[in-house]
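Here's the structure we're looking at; comments come further down.
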Amino acid sequence: MSIYFISDLHLDESRPEITQAFFDFLRGPAAGAEALYILGDFFEAWIGDDDDAPLIEEVVRELSHYSGTGVELYLMHGNRDFLLGTDFAQRTGAVLLQDPTTLTLAGRQVLLMHGDSLCTRDEEYMTFRRQARDPNWQQGLLAKPLEERRAIAAQIRAASKAMNSRKAEDIMDVTPEEVERVMREYNVNTLIHGHTHRPGRHPFSLDDAAAERIVLGDWDRNAWCLKASGETLELMHWPIG
């Protein structure tokens, strides 16, 4: 059996074709898998596990059925859906992962991350990230009525889009020195992450040993996944629509 890794679907009611592509993936390539790892930004925004939007209910039904077939399902927070909680995980049969998380995969020690914490040159975002991960800040946000949270989420997305339009491309990419630091800390030779929307495989040398950084793609015009089968890791994509 195979293990699949995906990230950055940014599911949203304004993009039903992406939702359908994901459901097709569950029923097609990923059916009967050993495990599926979703490494953050599964949703475009997450305002709390009590969100009653139709899209949420539809996704819960599909994931609950999928995990019910025996596939191990794992979820990691991203920078868009950092408020995903235990209620959503229980309803879908998923396990919430810490960022970072290590595992043995295809004979390698592998580190899984969303990837936003690696973009240390983006100081503006890193400041927001520290605030958004603060339990007190999160508790205060979740205490607000649903409609107010929806409005706040829309404001945050608009501000993020405006800020990113002014930033140089390299600032929003990972910092190589931070990648190396984290891989040394966790004693791994392979890192898998998303976030940057720059899919690819990047072999390099880490302390005179072979290492690799694998970047998952975002789901927009194409669907992206990493398939682990035996000793093989394959980064795959196919058109959406």
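The values are calculated or read from the model by the stated rules, or taken from the named source; none is laboratory data. Remember, predicted model here, so these are calculated numbers, not experimental data. Neighbour counts are summed over all protein chains in view; Cβ atoms, including those assigned to glycine, are modelled from backbone coordinates with ideal geometry. Keep in mind that these areas ignore ligands, DNA and RNA; they rest on the heavy atoms of the full protein, side chains included. Shrake-Rupley method; radii C 1.70, N 1.55, O 1.52, S 1.80 Å.
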Write down the percent of antiparallel bridges among all DSSP beta bridges whose residues are both part of region 117-221, to the nearest 5. 65
Restricted to the chain, the DSSP antiparallel beta bridge percent, nearest 5, is 50
Estimate the FRET efficiency between Q138 and K161 by the formula 1/(1 + (r/R0)^6), using the beta-carbon distance for r and 30 Å for R0, to the nearest 0.05. 0.85
Average the reciprocal distances over every distinct pair of alpha-carbons in region 1-45, invert the result, and give the Kirkwood radius in Å. 11.0
Just to make sure I understand: if all protein chains stay in place, what is the order of H193, H202 by accessible area at 1.4 Å, largest first? H202, H193
Once Lys and Arg are counted +1 and Asp and Glu -1 for all other residues with Cβ under 14 Å from that of E62, the total becomes 0
One computes Rg over Rh for region 1-160 from alpha-carbon atoms, with the Kirkwood Rh, and obtains 0.96
R61 to E34: FRET efficiency via 1/(1 + (r/R0)^6), r the Cβ-Cβ distance, R0 25 Å, to the nearest 0.05? 0.65
Full extension between E234 and Q98 adds, at 0.36 nm per residue less the Cα distance, a length in nm of 46.6 nm
Carbon and sulfur atoms: what percent of the 1.4 Å accessible area of region 32-157 do they account for? 48
Ordering of 55-64, 215-224, 98-107 by packing [mean C-beta count within 10 Å, highest first]: 215-224, 55-64, 98-107
So, in nm, how far is label E178 from label Q20 when the simple model puts each one 7 Å beyond its Cα toward the Cβ? 3.7
Summed residue charge, Cβ within 13 Å of D220's Cβ, Lys/Arg positive, Asp/Glu negative: -3
Whole number in Å², please: accessible area per residue of the chain, 1.4 Å probe, ligands, DNA and RNA not counted. 48
Using a basic spin-label model with each label point 7 Å from the Cα along Cα→Cβ, how many nm lie between M1 and Q131? 4.3
Which number do you get for Rg(Cα) / (2.2 N^0.38 Å) in region 87-241? 1.18
Of all DSSP beta bridges in region 1-125, what percent run antiparallel (nearest 5)? 25
